[in-house]
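A.B. asks: Supplied in structure tokens, the structure appears directly below.
The values are calculated or read from the model by the stated rules, or taken from the named source; none is laboratory data. Every value quoted in this text rests on a predicted model; they were computed, and no experiment measured them. Here Cβ is always computed from backbone atoms with ideal geometry, including for glycine, and neighbour counts include all displayed protein chains.
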Amino acid sequence: MRGYRILASNVRAGGVELDLIVRRGGSLRFCEVKAKEGEAYGDPLEMVGPAKVARLRRGAEAWLAAHPREAELDVGFDVVAVRGRRVERVADAF
């Protein structure tokens, strides 16, 4: 990923596991990665409901409190859905 820098992966903050924290220029993205094996188990995006969003926001706030320099960046949340060999990124998912 050219121009991207992964700052952390599978890190715990605020009692929450954050899958990926990625920086590109002045933007900081908290990325939740969901994968499903086959359609019988539902869609990965369905796994990120209101309760999960609240936990991820709490984790992001805790991580930013511990990394105040990054708190100055433009912060956003993405969800990455892995479906077999296909990957879909939903930017600004919540």
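A.B. asks: Can you find, within region 12-24, the residue that is farthest from residue 93 (Cα to Cα) among those that are surrounded by fewer than 15 Cβ atoms within 10 Å (Cβ to Cβ) and in contact with a strand residue (DSSP E or B) (Cβ under 9 Å, 6 or more places away or on another chain)? Spell out the reasoning first.
C.D. replies: Initially, region 12-24 is screened for residues surrounded by fewer than 15 Cβ atoms within 10 Å (Cβ to Cβ), giving 12, 15, 17, 24.
Filter once more, keeping what is in contact with a strand residue (DSSP E or B) (Cβ under 9 Å, 6 or more places away or on another chain): 12, 17, 24.
On the way: 12: 21, 17: 18, 24: 18 Å.
Among those residues, the one meeting the criterion is 12.
A.B. asks: Sticking with this structure for a sec: Being exposed (fewer than 14 other Cβ atoms within 10 Å of the Cβ) and modelled with pLDDT of 90 or more is the requirement here; does residue 74 meet it?
C.D. replies: So residue 74 fits the description; yes.
A.B. asks: Checking residue 59 against (1) loosely packed, with under 15 Cβ neighbours inside 10 Å; (2) within 12 Å of the chain's Cα centre (by Cα); (3) part of a helix (DSSP H, G or I), only one condition comes out false. Which one?
C.D. replies: Checking residue 59 against (1) loosely packed, with under 15 Cβ neighbours inside 10 Å; (2) within 12 Å of the chain's Cα centre (by Cα); (3) part of a helix (DSSP H, G or I), the one that fails is (1).
A.B. asks: For region 25-56, give me the residue count where each residue is assigned to a strand (DSSP E or B) and aliphatic (A, V, I, L, M). So that I can check it myself, show each step before the final result.
C.D. replies: Initial filter on region 25-56 (assigned to a strand (DSSP E or B)): 27-36.
When the remaining residues are screened for being aliphatic (A, V, I, L, M), the result is 28, 33, 35.
Qualifying residue count for the region: 3.
A.B. asks: Can you say whether residue 88 is touching a residue at least 60 places away in the same chain (Cβ under 8 Å), in a strand (DSSP E or B) and either in contact with a Pro (Cβ under 9 Å, 6 or more places away or on another chain) or surrounded by 15 or more Cβ atoms within 10 Å (Cβ to Cβ) (or both), as far as the supplied structure shows? Before the answer, list the steps.
C.D. replies: Details: touching a residue at least 60 places away in the same chain (Cβ under 8 Å): no; in a strand (DSSP E or B): yes; either in contact with a Pro (Cβ under 9 Å, 6 or more places away or on another chain) or surrounded by 15 or more Cβ atoms within 10 Å (Cβ to Cβ) (or both): yes.
Taking the combined requirement at face value, the residue does not satisfy it.
A.B. asks: Here is a check on your reading of the model: is residue 48 at pLDDT below 95 and either surrounded by fewer than 17 Cβ atoms within 10 Å (Cβ to Cβ) or at negative phi (or both)? Walk me through it before giving the result.
C.D. replies: Numbers: at pLDDT below 95: yes; either surrounded by fewer than 17 Cβ atoms within 10 Å (Cβ to Cβ) or at negative phi (or both): yes.
Here the answer is yes, as residue 48 does meet what is asked.
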